[in-house]
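Just below is one structure, and these are the notes that go with it.
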Amino acid sequence: MEKREMIYEGKAKQIYSTSANDQVIVHFKDDATAFDGQKKDQITGKGKINNKISNFFFKLLEDNGIKTHLIKELSANEVLVKKVGIIPVEVVMRNIVAGSLSKRLGIKEGEVLDKPVLEYYYKDDDLGDPLINNSHIEVLKLATETDLEEINKMTFKINKILKEFLRERVIDLVDFKLEFGYLDDGEIILADEISPDTCRFWDSNTREKLDKDRFRRDLGDVEEAYQEMLKRITGRGEL
Ligand code: C5P
């Protein structure tokens, strides 16, 4: 398997084609953006940390019966994954109120939800990723009703696995965003990443934020927080 040309560049990742037409390489960048790209910076070491954390979580999920795109970690910043047709829906699950849920519904940040809240956002930069519901998804033909049911089932299961794993590491899984994709045979698998860029992690005792909110809200020590998450998850510190 040989690395070929870059076929896509997003805010935090680049995708390269390979000599195998059903596999691509994901390269995690140090670039950080927030508020639809209006706030931009570089966070030293972020690419490497997110690659490690995301691969760790994907492996954990695979071990617990969730099909993912993960094939193998290739280097500090790169991972080999199965090529998928990404479903343009960002699936967000929330256990504790924060971020846009707090703003939209006027509920105080930090309130623990009675049960997980599931949301969908239409993945479209020009529209600013608007909140959508299952009717929109059907009408826009983003996914069929059956496929959406499968995505929902996987999301609840992923939440349970991650929440329990993190609880033992004294981390509250506040919320997270997932992306799914289709393999050529129509099977739905988990794609994209699971990292402090795409989740909110709070220390269960101090409620210290160990995720991208440190960057969004100028709280400082962004790299340190990402390193701390890596340490809590893998038991290993500096890369
Ligand atoms: O901003 P909001 O509260 O809606 O974010 C919910 C969760 O989804 C957070 O963990 C955030 O990091 C993640 N998210 C993401 N990519 C987006 C929007 C939200 O990873 N485009």
Worksheet, complete the sentence: Apart from one, (1) under 18 Å from K209 (Cβ atoms); (2) within 11 Å of the ligand (Cβ to nearest atom); (3) not in a helix (DSSP H, G or I) all hold for E119; the odd one out is (1)
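Do we find that N77 is crowded, with 16+ Cβ neighbours inside 10 Å and either out of contact with any helix residue (DSSP H, G or I) (no Cβ under 9 Å at 6 or more places or on another chain) or not assigned by TED's automatic domain parsing to the domain that holds E9 (or both) in this structure? Working first, answer last.
Numbers: crowded, with 16+ Cβ neighbours inside 10 Å: yes; either out of contact with any helix residue (DSSP H, G or I) (no Cβ under 9 Å at 6 or more places or on another chain) or not assigned by TED's automatic domain parsing to the domain that holds E9 (or both): no.
Answer is no for this residue.
Being in contact (Cβ under 8 Å) with a residue 12 or more places away in the chain, of a type in the set (V, I, T) and out of contact with any helix residue (DSSP H, G or I) (no Cβ under 6 Å at 6 or more places or on another chain) is the requirement here; does T155 meet it?
Taking the combined requirement at face value, the residue satisfies it.
Would you call L230 out of contact with any strand residue (DSSP E or B) (no Cβ under 9 Å at 6 or more places or on another chain) and within 27 Å of I15 (Cα to Cα)? Quick ask: steps written out before the conclusion?
Numbers: out of contact with any strand residue (DSSP E or B) (no Cβ under 9 Å at 6 or more places or on another chain): yes; within 27 Å of I15 (Cα to Cα): yes.
Yes: the conditions hold for L230.
Counting just the residues of segment 122-133 that are more than 10 Å from the ligand (Cβ to nearest atom) and not polar (S, T, N, Q), which one comes out farthest from K157 (Cα to Cα)? Show your work before the answer.
To start, the set of residues in segment 122-133 that are more than 10 Å from the ligand (Cβ to nearest atom) comprises 122, 124, 126-127, 130, 132-133.
Right, trim to not polar (S, T, N, Q) and you get 122, 124, 126-127, 130, 132.
Working: Y122: 22, D124: 26, D126: 31, L127: 30, P130: 25, I132: 22 Å.
Checking each candidate, the answer is D126.
The values are calculated or read from the model by the stated rules, or taken from the named source; none is laboratory data. The structure displayed is predicted, hence computed values, not measured ones. A quick note on method: Cβ atoms are made from the backbone with ideal geometry, for glycine too, and the neighbour counts reach across all protein chains shown.
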